Amino acid sequence: MTRRRISPGRILLWGMLLGAAVIGVVRFALGLGSVTNLSDRFPWGLWIGFDVMTGVALAAGGFTVAAAVYVGHLERYRPLLRPAIVTGFVGYVLVIANLLLDLGRPYRIWHPLVMWNPHSVMFEVAWCVMLYTLVLALEFGQIVLERLGRTALLRITHLALPPLVVAGVILSTLHQSSLGTLFLIVPGKLHPLWYTPFLPILFFISAVAVGLAMVVVESYLSARAFRRALELPLLMDLGRVTFVVLSIYLGIKVIDLVVRGAWAYALTPSLEGIFFSLEVVLGILIPMALLSVNGGRSARGLVIAAGLVVFGVVLNRLNVSIIGMLAGSHTRYVPSWMEIQVTLASIAAGILAYSWIAGHLPVFPERKTGGTARAYPLR
Amino acid sequence: MATRLTRRQFLELAAAAGASVTVLSAGRPALATTSASGHAVLIDVARCIGCRSCEAACKAYHKFPAGEAADLSPTAWTYVRTQNLRTPRPHLNLGADGAARRTIKTQCMHCASPACASACPVGALRKTPEGPVTYDAGRCIGCRYCMVACPFQMPRFEWRKPLPVITKCNMCAERLRRGDGPACVAACPMQALQFGTRPAMLAEAARRIAGDRRYVPAIYGAEEVGGTSFLYVSDVPFEELGFPVASREPLPAFTWRVLGKLPGVVVTLGAMLTAFEAIARRRNEQLAREKEQTR
């Protein structure tokens with residue numbers, strides 16, 4: 001809390017947030033149509049496709065690492081636990097914040113709690129996201145309690161952690177897959193490259209992969225930003241697990257495409273074919289090659305592979321929710337600059353929140369006292 | 001793909017449907033009008049001359065500003081779409097003058113198993129036993145999943161309002177409760193719109209197809225997405241008129257196949273994780289003990 005360095009990077013991030021706030025005011029004054037390019041034939045755009053679909057997937061590291069440490073008792077992964085939980089918590093808060101902007105009547109976001117429709121996938125997603133955010137808040141609360149020095153309270157609440165983590169894993173399994181189930185109701189709209197009854201399973205497996213990849217990427221970025229040593233052997237382990245998860249994902253995807261006879265679409269020079277190929281080559285094949293050849297040895301190979309996995313899952317979620325839905329919706333959609341600005345702002349908010357928390361709360365194990373920790377913007 | 005039947009099958013269907021209606025209304029008169037399939041509107045594309053009286057009646061009844069609409073909107077719950085034909089065919093009522101195009105009344109199809117109602121997280125959209133799929137604006141959170149889910153792209157959204165709602169045709173549900181038909185049906189001067197119980201409308205559709213060789217032997221809505229309460233007959237194939245090719249299976253079944261398994265997944269996963277946790281904990285304790293002994 002001594003001198004705070006104000007860097008150009010930080011000013012840019014806050015500027016983007018300010019811009020999004022102005023767009024938010026316009027949205028609530030003049031309606032969603034005044035800031036987005038959404039239409040009656042294309043009612044979900046970048047905010048749902050990226051900020052919600054992708055945001056939830058990228059925050060999956062929280063449940064995978066928590067499962068490894070608390071369910072699998074793999075104690076050596078403990079150093080990665082808190083950064084992953086912080087990522088998860090910040091991610092879900094941002095998803096909800098974005099939803100509040102995108103919903104027509106955000107002040108009714110609690111309605112699914114009392115107005116039930118068990119036949120609705122959205123109903124299930126709403127419940128799971130609300131409950132899992134609560135789980136993440138309680139897990140995150142541990143870190144806050146430790147910072148506040150409430151050791152007695154900390155010891156009591158620590159006992160509740162294993163069942164809480166089990167609940168978190170179940171909730172995550174349900175809603176990560178259900179984001180895919182959402183699209184099972186549009187067999188006539190979603191392109192056959194992505195429409196498959198296995199969509200929920202593919203969404204779940206890719207969420208596990210991208211959750212792990214995000215832990216690697218963030219460990220690397222925060223190691224640079226906070227000038228800490230990289231937990232390389234641990235991250236290499238994660239790389240190996242990611243490779244296995246990606247192999248399963250690729251296997252199911254290929255078999256499914258062949259069985260449904262949809263593989264030929266991937267080779268056509270259509271918009272869908274190109275985006276699908278990008279997703280598979282850049283997001284699955286190249287990272288798998290890097291992880292099998294280089295990831296076992298060099299930090300650089302590992303981080304590039306993890307970065308590509310993140311890119312691939314981002315692209316997959318955008319493909320399912322936007323690119324793959326275009327032709328079947330008989331319309332065009334390109335996000336407006338204001339939609340893009342809000343999406344960039346939510347990434348900026350994520351970086352600012354993560355770096356503030358990492359600087360002020362005991363997130364990384366070796367600096368438990370937190371006295372000299374300072375948040376520096378990424379350079 | 002619209003259900004294709006031979007002319008002979010149609011005659012049989014017409015007879016059977018007519019007979020079942022008679023039996024139902026004779027045995028249980030109260031149920032005959034509000035049976036599981038409820039009411040339906042039959043739209044005859046071959047008879048429609050595109051006068052748009054239905055559109056005007058809808059606007060007048062729902063107190064929307066008058067005027068012709070180019071698409072469905074929050075103030076146009078129905079509109080008459082014009083489809084130019086690839087190969088001109090003489091119009092049933094207009095002859096050669098109307099050969100180049102057909103006009104198609106468009107509105108919510110009021111599916112028997114509506115994708116929108118199954119998609120809605122708060123149950124704002126419901127299929128009523130009388131036939132209409134109704135919308136309760138007081139529940140709606142504005143997530144627009146109903147719009148994504150609808151195979152016919154019928155729901156509309158108030159994009160220019162700060163706190164918007166979903167809008168769509170409600171089949172004049174309040175008029176139906178009073179025993180009247182929808183406002184649009186009464187306004188049609190060509191009898192291109194007809195209202196009645198769904199079995200009766202299916203029988204009437206079959207009768208028209210059987211009685212005039214110019215009709216395409218198909219009833220759009222008879223089996224599409226599990227059946228709809230708005231039915232179409234036409235003298236031009238439905239694909240050529242731009243009707244979406246829909247599966248026969250009701251769309252809610254596609255998501256329910258997964259959702260229905262989730263309680264089992266929760267129990268199995270919970271048991272597995274708990275067991276796995278116990279095993280992992282004991283293994284760790286054993287390792288720690290062994291380490292102590294070797295020390």
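Within region A:216-232, being touching a residue at least 12 places away in the same chain (Cβ under 8 Å), under 17 Å from residue A:87 (Cα atoms) and among the hydrophobic types (A, V, I, L, M, F, W, C) holds for A:216, A:217, A:221, A:225, A:226.
Residue-by-condition table, conditions (1) among the small types (Gly, Ala, Ser); (2) assigned by TED's automatic domain parsing to the domain that holds residue B:44; (3) out of contact with any Ser or Thr (no Cβ under 9 Å at 6 or more places or on another chain):
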residue	(1), (2), (3)
B:97	no, yes, yes
B:112	yes, yes, no
B:123	yes, yes, no
B:170	no, yes, no
B:180	no, yes, yes
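Once region B:122-173 is narrowed to residues that are over 18 Å from residue A:103 (Cα atoms) and among the charged types (D, E, K, R), the residue that is most open to solvent (accessible area, probe 1.4 Å) is B:126. Can you find a residue that is in a helix (DSSP H, G or I), within 7 Å of chain A (Cβ to nearest Cβ), crowded, with 18+ Cβ neighbours inside 10 Å and touching an Asp or Glu at 6+ places or on another chain (Cβ under 9 Å) anywhere in region B:266-282? Checked region B:266-282: no residue is in a helix (DSSP H, G or I), within 7 Å of chain A (Cβ to nearest Cβ), crowded, with 18+ Cβ neighbours inside 10 Å and touching an Asp or Glu at 6+ places or on another chain (Cβ under 9 Å). Checked against (1) at pLDDT 95 or above; (2) on the phi < 0 side of the Ramachandran plot; (3) away from chain A (no Cβ under 14 Å), residue B:255 passes all but a single condition, namely (3).
Screening residue A:234 on (1) more than 12 Å from every other protein chain (Cβ to nearest Cβ); (2) part of a loop (DSSP other than H, G, I, E, B) shows it passes everything except condition (2). Across region A:309-322, the number of residues qualifying as surrounded by fewer than 24 Cβ atoms within 10 Å (Cβ to Cβ) and aliphatic (A, V, I, L, M) comes to 5. Among the candidates B:149, B:137, the residue that is within 11 Å of chain A (Cβ to nearest Cβ), among the small types (Gly, Ala, Ser) and touching a residue at least 40 places away in the same chain (Cβ under 8 Å) is uniquely B:149.
The set of residues in region A:126-152 that are open to solvent by 50 Å² or more (accessible area, probe 1.4 Å), free of Cβ contacts under 8 Å to residues at least 40 places away in the same chain and either assigned to a helix (DSSP H, G or I) or among the aromatic types (Phe, Trp, Tyr) (or both) comprises A:127, A:130, A:134, A:138, A:148, A:151, A:152. Against the criterion of being at negative phi and at the interface with chain A (Cβ under 9 Å from one of its Cβ atoms), residue B:161 qualifies. Report whether or not residue A:69 is within 14 Å of chain B (Cβ to nearest Cβ), among the β-branched types (Val, Ile, Thr) and within 30 Å of residue B:273 (Cα to Cα). Yes: the conditions hold for residue A:69. Applying the selection to region A:96-119, what residues are part of a loop (DSSP other than H, G, I, E, B) and touching a helix residue (DSSP H, G or I) at 6+ places or on another chain (Cβ under 6 Å)? Selection gives A:117, A:119. Based on what the data block shows, is residue A:173 within 15 Å of the chain's Cα centre (by Cα), part of a helix (DSSP H, G or I) and facing chain B (nearest Cβ under 9 Å)? When the stated conditions are applied, residue A:173 passes them.
Given the options A:164, A:179, A:193, name the one that is over 18 Å from the mean Cα position of the chain (by Cα), buried (at least 24 other Cβ atoms within 10 Å of the Cβ), more than 8 Å from chain B (Cβ to nearest Cβ) and among the hydrophobic types (A, V, I, L, M, F, W, C). Can you show your working first?
Details: A:164 fails: buried (at least 24 other Cβ atoms within 10 Å of the Cβ); A:179 fails: over 18 Å from the mean Cα position of the chain (by Cα).
One residue alone meets the criteria, A:193.
For region A:60-75, check the following and say yes or no: at least one residue is part of a loop (DSSP other than H, G, I, E, B) and β-branched (Val, Ile, Thr). No; the residues of region A:60-75 include none that is part of a loop (DSSP other than H, G, I, E, B) and β-branched (Val, Ile, Thr).
The values are calculated or read from the model by the stated rules, or taken from the named source; none is laboratory data. None of the values given here were measured: they were computed from a predicted structure. Ideal geometry is used to build each Cβ from the backbone, glycine not excepted, and the neighbour counts take in all protein chains shown. In case anyone asks, the SASA skips ligands and DNA or RNA and just uses the protein heavy atoms, side chains included. Shrake-Rupley method; radii C 1.70, N 1.55, O 1.52, S 1.80 Å.
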